[in-house]
1. On C-alpha positions alone, give me the angle between the axis of helix 178-191 and the longest principal axis of the chain, in degrees, nearest 10.
2. If R0 is 35 Å, what FRET efficiency do you get for TYR36 and LEU274 from their C-beta distance, rounded to 0.05?
3. Fully extended, how many nm does the chain gain between TYR141 and THR88 (0.36 nm per residue separation, minus their Cα-Cα distance)?
4. Please compute the per residue accessible area over the range 125-272 with all protein chains in place, 1.4 Å probe, rounded to a whole number of Å².
5. Give me a comma-separated list of calculated 3J(HN,Hα) values for the range 231-248, in order, Karplus coefficients 6.51, -1.76, 1.60 applied at θ = phi - 60°, integers in Hz, x for any Gly or Pro.
6. In whole percent, how big is the carbon plus sulfur part of the accessible area of the range 62-171, probe 1.4 Å, protein atoms only?
7. If you work out Rg/Rh (Cα atoms, Kirkwood Rh) from the coordinates, which of [x] 1.05; [y] 0.98; [z] 1.50 do you get?
8. Of all accessible surface on the range 227-329 at a 1.4 Å probe, what whole percent is carbon and sulfur?
Amino acid sequence: LSPATRLLLGILLALQVLYGIAFIARTTFEIDGVRYFCLFDDAMITMAYGKNFVDGFGLNWAKYGEPVEGYTHPLWLLVCMASNLPGTPLHIRSLFVQLASLLLLVACALLVFRIMLELQENRGGTDPSWVPAVVLTMTYYPLTMWSLQGMESALQACLVLMAFRYVHQLLYKNRPVFLPLCVCLSLALLTRMDMVLFVLWTLAFVLYEGRRLPALRRDRAAGLLIIVLPSIAYLAFRIAYFHDVLPNTYYLKLTGVPLVVRVLRGWVVTLPFLYPVLIPLAAMAWLASRHEKRKMIGLALILLLTYIAYSIYVGGDAWQDDYFYGANRFVNFLMPLFFILCNLLLVTLFNEARARWPGIAHGRNAFLGLSAALLLLLCN
């Protein structure tokens, strides 16, 4: 990377960290002179599981009685367990989860940066056209808020971006990264069960598009085992320990309400999020027909549309209402991909315009900056 690129990226990452620290500080409260760090409702439930497990009561929210799987993110539960290790003062235990999320958010920004360089063949990063996608990822409030409030959103986003980058390297650079990709997909399944949609789409896409790659044919069986075996092992544990094949959260979310009512509610609460992103999403279909990396653009679009449809199907987020306009917890982890596509779209549009009107060549950075600012206002 050029010195100017390193400096600019370093400044942006420093600002992201300061923003995250300020956010965490504003979610604390003081009791009897002691500053307490806290998380969102669902995250504190997971913290209770972690605390009870460390204290010797097993994976149980209520300490006593039959255990119930009241969490949806087994992998993230490990982070909550680590935050409850003996000797850790109670008032700062949530802080460790928040700091872990902040590190993951920084990792997301770095992954977006790398993906933008690779998609545009921007060696050395001397062309600052990567800035909009990185800044939008850093400042997207729903992703930041849910992550720093203790949910697994930043971990999901990291795994999606890592997998997306591996897919690009596999198909366009012919690098032997199928097994690392499968590790990402396996971790995604252990992070949330509904990440199976992401795993299936990504795996089907890679197996089809890379069917002629010798490395893929060689590692295919091992990769599938990497994806499937850990999830089978956890399913066996779930059945043995919780005596059920699905977590309790599934029954609370998807049973007891008629499908039509659930879908209508999902549609109503999703509309405020859809309004500002519909035009960019439609324009990305055009981008997919013009860009040399159309396959990657197509994959990202499929994932985005799949999870928007999934969010509608499950009735939206329980905490989603008419004053929350951003992406909910079922969609926000994919928004960095949306911002990458927006960035590519803006660059492509400007290049098309420059081909007709060469005189505007020097205005590209201003165009990208203003467009990114508009997207930031619309999406937040």
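The values are calculated or read from the model by the stated rules, or taken from the named source; none is laboratory data. All figures in this text were calculated on a predicted structure; none of them were measured in a lab. Cβ atoms come from the backbone with ideal geometry, glycine included; neighbour counts cover every protein chain shown. Note: accessible area is taken over every heavy atom of the protein model, side chains too, but ligands, DNA and RNA are not part of it. Shrake-Rupley method; radii C 1.70, N 1.55, O 1.52, S 1.80 Å.
1. 40
2. Step by step, r from the Cβ atoms, then E = 0.40.
3. Length difference between fully extended and current span is 16.1 nm.
4. On a per-residue basis, the range 125-272 sits at 44 Å².
5. For the range 231-248, the Karplus-derived couplings read 5, 5, 4, 5, 4, 4, 5, 4, 5, 6, 8, 9, 6, 7, 8, 10, x, 4 Hz, x marking Gly and Pro.
6. Roughly 69 percent of what the probe reaches on the range 62-171 is carbon or sulfur.
7. [y]
8. That share works out to 73 percent.
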